[in-house]
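K.L.:
Below is one structure. I have some questions about it.
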Amino acid sequence: MDRVLSVPFNHQQLALLDRYTAVPGAYSTLILQALAEAQPGCQQAQLSSPAPPPPKRRQLAQHLLEPGTGIAVEVKAGQVLRIAQVEGGQCGDLNVYNLQNGQEHLHVGRTRHLHGPHPTTGDLLWSCAPWERPLMAILQNTGVCDTTFASCSTLGYSHFYNMPQHINCQQMQIEAQRAYGIGPWQEHDSFNLFMYTVSDSEGNPGIDRNGAGPSDYIEFYALTDVLAIPNVCGDDLGKTSNFWQNHLSVIVEEALPEDRQRAEDFTKPYQNSVVPVPYQMKEVPLRRDPDYTPHFPHLPLRIHQVEVVLSEQDQQKLDAVHNPGLYGDDLCAALRDIVMDWADAKNNASLPGYSHH
Ligand SMILES: [Zn+2]
């Protein structure tokens, strides 16, 4: 018996599929073609096992980040910032500034230098020169953090997809940091949250499907007053967030004595290494603009349901290639992955030169 699935796509995804449809709007034909060409194992990735819940602390602030948005939150020394999955599978970017002097900010390169490409529990977020000191300590990481990729940006979508109007982390950061008077030219390199990156045999980094489940989270202990700016990654054309845009939860809490103890233990090996800055510099404190209202570009995301009629043979094929370890029984998400991955591969093949995006 035939089975009808109603698969949600957003307008950015359909803009890519539009390039490969024989007749405008014939998405279901394209989906069936991609399904016919899909190989078993094409959705290799596994959701992480459920994470233990975070400790109970006094909550100071909570925000639900919508797709296409970010937020600047103050995290004072001795407070904990938790960035958590909601539906699961969602990558995020994080930028961090010293709240009392916005010239000092997270330096992803130094962080990578000291902790490798995938910093995790027990590692520190380091600031730029000339300060070069830890701003935050990673108290708990149940996902994967990445320091190898720059944020997705206008240039990236323009160059790789000819879509300069695509939602991107770079512009979300600029809009979120504007709340504290940080100019577009001051945006720093991103620390990538829940980003499942891998290296190929030549050491070139690539992005894999997202293994974060709904219970995964990353907690940072503020070692000094910071302005933390997380955003929901806008990549829905690649594997970064399993070809969709979901929510992220952002929570600030009062640290427990054991959090302070752990952060102290994590910083101890570096205490004698951090050298006082030998320069006289005017500090620039970051203060919230009371008139700020966010206007994130390229929104709203318009969702369209595409109806696909699967024959018994199509259903058997989908059963054989879909990865229940990643998508459970959400056949629509699995089918969207198949056709978007197919289109992304076709797009990649059309690009000249290096294209590890
Ligand atoms: Zn992004």
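Quick grid of which residues meet (1) charged (D, E, K, R); (2) open to solvent by 30 Å² or more (accessible area, probe 1.4 Å):
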site	(1), (2)
Ser48	no, yes
Pro52	no, yes
Leu60	no, yes
Val75	no, no
Gln90	no, no
Gly102	no, no
Glu132	yes, yes
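K.L.:
Being assigned to a loop (DSSP other than H, G, I, E, B), closer than 16 Å to Leu5 by Cβ, without any contact (Cβ under 8 Å) to a residue 12 or more places away in the chain and open to solvent by 90 Å² or more (accessible area, probe 1.4 Å): is that true of Asp329 here?
P.N.:
yes
K.L.:
Follow-up. Against the condition within 19 Å of Leu81 (Cα to Cα) and more than 18 Å from the chain's Cα centre (by Cα), how does Glu253 come out, does it pass? Don't jump to the end; show me each part of the working.
P.N.:
Details: within 19 Å of Leu81 (Cα to Cα): yes; more than 18 Å from the chain's Cα centre (by Cα): yes.
Against the criterion (within 19 Å of Leu81 (Cα to Cα) and more than 18 Å from the chain's Cα centre (by Cα)), Glu253 qualifies.
K.L.:
Quick check on Ser127: is it without any contact (Cβ under 8 Å) to a residue 40 or more places away in the chain, touching a strand residue (DSSP E or B) at 6+ places or on another chain (Cβ under 6 Å), more than 12 Å from the ligand (Cβ to nearest atom) and hydroxyl-bearing (Ser, Thr, Tyr)? Outline the logic, then answer.
P.N.:
Details: without any contact (Cβ under 8 Å) to a residue 40 or more places away in the chain: yes; touching a strand residue (DSSP E or B) at 6+ places or on another chain (Cβ under 6 Å): yes; more than 12 Å from the ligand (Cβ to nearest atom): yes; hydroxyl-bearing (Ser, Thr, Tyr): yes.
Against the criterion (without any contact (Cβ under 8 Å) to a residue 40 or more places away in the chain, touching a strand residue (DSSP E or B) at 6+ places or on another chain (Cβ under 6 Å), more than 12 Å from the ligand (Cβ to nearest atom) and hydroxyl-bearing (Ser, Thr, Tyr)), Ser127 qualifies.
K.L.:
Could you please find all residues in region 256-268 being loosely packed, with under 10 Cβ neighbours inside 10 Å and either more than 24 Å from Ala84 (Cα to Cα) or among the acidic types (Asp, Glu) (or both)?
P.N.:
Within region 256-268, just Lys268 meets the criteria.
Residue by residue, here is whether (1) within 30 Å of Cys332 (Cβ to Cβ); (2) of a type outside the set (A, V, I, L, M, F, W, C) holds:
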residue: Asn162; (1), (2): yes, yes
residue: Tyr196; (1), (2): yes, yes
residue: Ser201; (1), (2): no, yes
residue: Ala228; (1), (2): no, no
residue: Asn231; (1), (2): yes, yes
residue: Gln245; (1), (2): yes, yes
residue: Val252; (1), (2): no, no
residue: Ala255; (1), (2): no, no
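K.L.:
Residue by residue through region 164-173, note down the ones that are buried (at least 19 other Cβ atoms within 10 Å of the Cβ) and either farther than 17 Å from Glu66 by Cβ or not assigned by TED's automatic domain parsing to the domain that holds His118 (or both). Break it down into steps so the answer makes sense when it comes.
P.N.:
Kept after step one, since they are buried (at least 19 other Cβ atoms within 10 Å of the Cβ), are these residues of region 164-173: 166-173.
Of everything in region 164-173, just one residue is buried (at least 19 other Cβ atoms within 10 Å of the Cβ) and either farther than 17 Å from Glu66 by Cβ or not assigned by TED's automatic domain parsing to the domain that holds His118 (or both), namely Gln170.
K.L.:
Would you mention how many residues in region 69-112 are outside any strand (DSSP E or B) and of a type in the set (Gly, Ala, Ser)? Let's see the steps before the verdict.
P.N.:
Going through region 69-112, the residues outside any strand (DSSP E or B) turn out to be 69, 71-72, 76-78, 86-91, 99-100, 107-112.
Then keep just the ones that are of a type in the set (Gly, Ala, Ser); that gives 72, 77-78, 88-89, 109.
Residues that pass the stated criteria total 6.
K.L.:
Within region 189-201, is even one residue open to solvent by 40 Å² or more (accessible area, probe 1.4 Å), within 13 Å of the ligand (Cβ to nearest atom), in a loop (DSSP other than H, G, I, E, B) and charged (D, E, K, R)?
P.N.:
Initially, region 189-201 is screened for residues open to solvent by 40 Å² or more (accessible area, probe 1.4 Å), giving 189, 198-201.
Filter once more, keeping what is within 13 Å of the ligand (Cβ to nearest atom): 189.
Remaining after also requiring in a loop (DSSP other than H, G, I, E, B): 189.
Next, from what is left, pick out any that are charged (D, E, K, R): 189.
So far as region 189-201 goes, yes, one or more of its residues are open to solvent by 40 Å² or more (accessible area, probe 1.4 Å), within 13 Å of the ligand (Cβ to nearest atom), in a loop (DSSP other than H, G, I, E, B) and charged (D, E, K, R).
K.L.:
Could you check Asn242 against (1) open to solvent by less than 10 Å² (accessible area, probe 1.4 Å); (2) within 14 Å of Asn210 (Cβ to Cβ) and say which number it fails?
P.N.:
(1)
The values are calculated or read from the model by the stated rules, or taken from the named source; none is laboratory data. Nothing here was measured: the structure is a model prediction, and the numbers come from that model. With ideal geometry, Cβ positions are generated from the backbone for all residues, glycine too; neighbour counts draw on all protein chains shown. Each accessible area value is taken on the protein alone, full model and side chains, heavy atoms only, with ligands, DNA and RNA left out. Shrake-Rupley method; radii C 1.70, N 1.55, O 1.52, S 1.80 Å.
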